[in-house]
Amino acid sequence: MEIRCVYTEGNQNVIQEAVDRLPSAGGTVIVPRGEWKSGAIHLKSNVKLYLEEGCVIHFSSCMEDYLPPVFTRWEGVECYNYSPLIYAADCENVTICGTGVLDGAGSAWWHWKKLQQNAADRLIRAESQGIVVEERVFATREDALRPSFIQFINCKHVTLEDFTIEDGPQWTIHPVYCEDVVVRGVTVNTKGPNTDGCNPDSCRKVLIEDCTFDTGDDCIAINSGMNEDGWRVGRPCEQIEVKNCRFIGRHAAVAIGSGMSGGICDIRIHDCVVRGTERGIRIKSMRGRGGYVKRINVERMQMDEIEKEAIEVSMNYGSSTAVPVSQKAPEFSEIRFAHIRGNHAAVGVSLCGLPESPLRKLTLEDVVIDAEDPLREEYVEKQNTFSRGSCAYERLTFRRFGANLRKVDTHKHEEEESTSADTLQRDFQLRGRSLLRGNEEGRMEDGFGVAGLNTGRY
């Protein structure tokens, strides 16, 4: 069944009313070209929301339009809060597609960052004190936690495809406890505080491909719950693939953690382009958070104009050094970076474990980064020893590792020599087109041969 929305002056519930008219078997709600207003939209199983070309949905900035509160996970902790702008719970076969635009009226929400601090503190206290989720109720002007833009919770077979998102309240695409999620060809432009692009949260089997992220925080952040709540729920984020994406966000292109108390594993990130972010790939945690990060594979990446670390793997995130040593130390292992290129980074690679939980089974293979500070390292366990000064490594493999090629002598070791950038063009092919090309000085430049991502921004 198809229902085509019909504009009604002053009625911002037109889209929701169309969803509600669909039979239990589901169907398609078509939003035609034009300007539309809407409050919260709650989707159902077997429903497709189709956004026609030229369609723009402007979401309300009125807090009361996102009541009553719904079950959600807010920054790694379960509670009842204002409804996300688009929401689905316990559903199957849910789709949002088409080339239209979703406008979240972000600037009307962003000042909440100051308003919500007391509420956020109260939520953390409730978590640490073991207060049951049903009693963690927010969604008042006094307890104003900004909601996610799109959140599916406890859903299966979710597809988000081809549309554009502008200026959401906080996290933009936020699947929680979901399985079989595809985010394809989506463009996210949002510049407010904490406006991550896509946050798979304790999800399984997620594909993010051919997307563009220009965000006010991390472009993609992979999480599995925070501290006590993460341990209680105990659902890892696993089998996540990110490919052929372009990242321009304020903080990291892809962050793994710091909310990882439920565990994160089997992540593959490849064939992506990063430009002008604070960090490239960031894997982070801290003392007391527990959980694990393992079997992470990052390969064929171009990362340029990185303000801080191109690659960072750290267990010293935030206030870690102030937290006492405990059995809740995170564990990082089986992490591989291969065929990575970067120009103009402050730091090439930064590695930091903990004395009680060093980094294990970490591989850097064919990494060439032009950086002011090529390599920082602390608490990396040693086995197949590769020494630099007073530092030694266990289960850490360097192959053709080159950093700061133009400014310092490239690091070499016995097994394999570093390779200059102008010999490595063959390693970078995306869909039959070269991602990289060498200029006359042998410096790598990006050809941006990722299909569907030619935005002209570069």
Practice item. Give just the number: which of (1) of a type outside the set (D, E); (2) farther than 29 Å from D214 by Cβ; (3) modelled with pLDDT of 95 or more; (4) in contact with a strand residue (DSSP E or B) (Cβ under 8 Å, 6 or more places away or on another chain) does A126 not satisfy? Key: (3)
Study note, to complete from the structure: Taking region 313-369 and keeping residues in contact with a helix residue (DSSP H, G or I) (Cβ under 9 Å, 6 or more places away or on another chain), part of a strand (DSSP E or B) and of a type in the set (D, E, K, R) leaves R341, D366
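State whether the residues of region 267-282 include one that is hydrophobic (A, V, I, L, M, F, W, C) and over 22 Å from T215 (Cα atoms). Break it down stepwise before answering.
Residues of region 267-282 hydrophobic (A, V, I, L, M, F, W, C): 267, 269, 272-274, 281.
Filter once more, so that each one left must be over 22 Å from T215 (Cα atoms): none.
Looking for residues that are hydrophobic (A, V, I, L, M, F, W, C) and over 22 Å from T215 (Cα atoms), one finds none in region 267-282, hence no.
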Point to revise | Residue match in region 265-277 (condition: in a loop (DSSP other than H, G, I, E, B) and more than 23 Å from G234 (Cβ to Cβ)) | key: yes
Revision key, fill the gap. For region 51-61 the number of residues that are within 26 Å of the chain's Cα centre (by Cα) and surrounded by fewer than 20 Cβ atoms within 10 Å (Cβ to Cβ) is 4
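Look at S83 and say whether it is in contact with a helix residue (DSSP H, G or I) (Cβ under 8 Å, 6 or more places away or on another chain) and more than 23 Å from C203 (Cβ to Cβ).
On the way: in contact with a helix residue (DSSP H, G or I) (Cβ under 8 Å, 6 or more places away or on another chain): yes; more than 23 Å from C203 (Cβ to Cβ): no.
When the stated conditions are applied, S83 does not pass them.
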Practice item. Would you confirm whether any residue within region 39-50 is more than 21 Å from I173 (Cβ to Cβ) and at pLDDT 95 or above? Key: no
Review point. Can you name every residue in region 258-282 that is among the hydrophobic types (A, V, I, L, M, F, W, C) and buried (at least 24 other Cβ atoms within 10 Å of the Cβ)?
Key: M260, I264, I267, I269, C272, V273, V274, I281
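Can C91 be described as more than 21 Å from the chain's Cα centre (by Cα), closer than 24 Å to R184 by Cα and crowded, with 19+ Cβ neighbours inside 10 Å?
Working: more than 21 Å from the chain's Cα centre (by Cα): yes; closer than 24 Å to R184 by Cα: yes; crowded, with 19+ Cβ neighbours inside 10 Å: yes.
Yes.
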Review point. M301: within 24 Å of G318 (Cα to Cα) and either touching a residue at least 24 places away in the same chain (Cβ under 8 Å) or of a type in the set (S, T, N, Q) (or both), yes or no?
Key: no
Study note, to complete from the structure: By residue number, the members of region 326-384 that are at pLDDT 90 or above and aromatic (F, W, Y) are F332, F337
Point to revise | Close pairs (9 angstrom Cβ cut-off, 6 or more residues apart or separate chains): more than 30 Å from K328 (Cα to Cα) in region 258-277, modelled with pLDDT under 95 and basic (K, R) anywhere | key: D271/R431; R275/R457; T277/R250
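Hey, can you tell me all the residues within region 235-250 that are of a type outside the set (A, V, I, L, M, F, W, C) and modelled with pLDDT of 95 or more?
Initial filter on region 235-250 (of a type outside the set (A, V, I, L, M, F, W, C)): 235-236, 238-239, 241, 243-244, 246, 249-250.
Once the filter is applied, which keeps residues that are of a type outside the set (A, V, I, L, M, F, W, C) and modelled with pLDDT of 95 or more, region 235-250 yields R235, P236, E238, Q239, E241, K243, N244, R246.
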Point to revise | strands (runs of 3 or more DSSP E) contained entirely in region 158-251, each with at least 3 residues that are aliphatic (A, V, I, L, M) | key: 179-184, 204-209, 220-222
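The values are calculated or read from the model by the stated rules, or taken from the named source; none is laboratory data. All of these numbers come straight from a predicted model, not from anything done at the bench. Don't worry about glycine lacking a Cβ; one is built from the backbone with ideal geometry, like all the others, and counts go over all protein chains shown.
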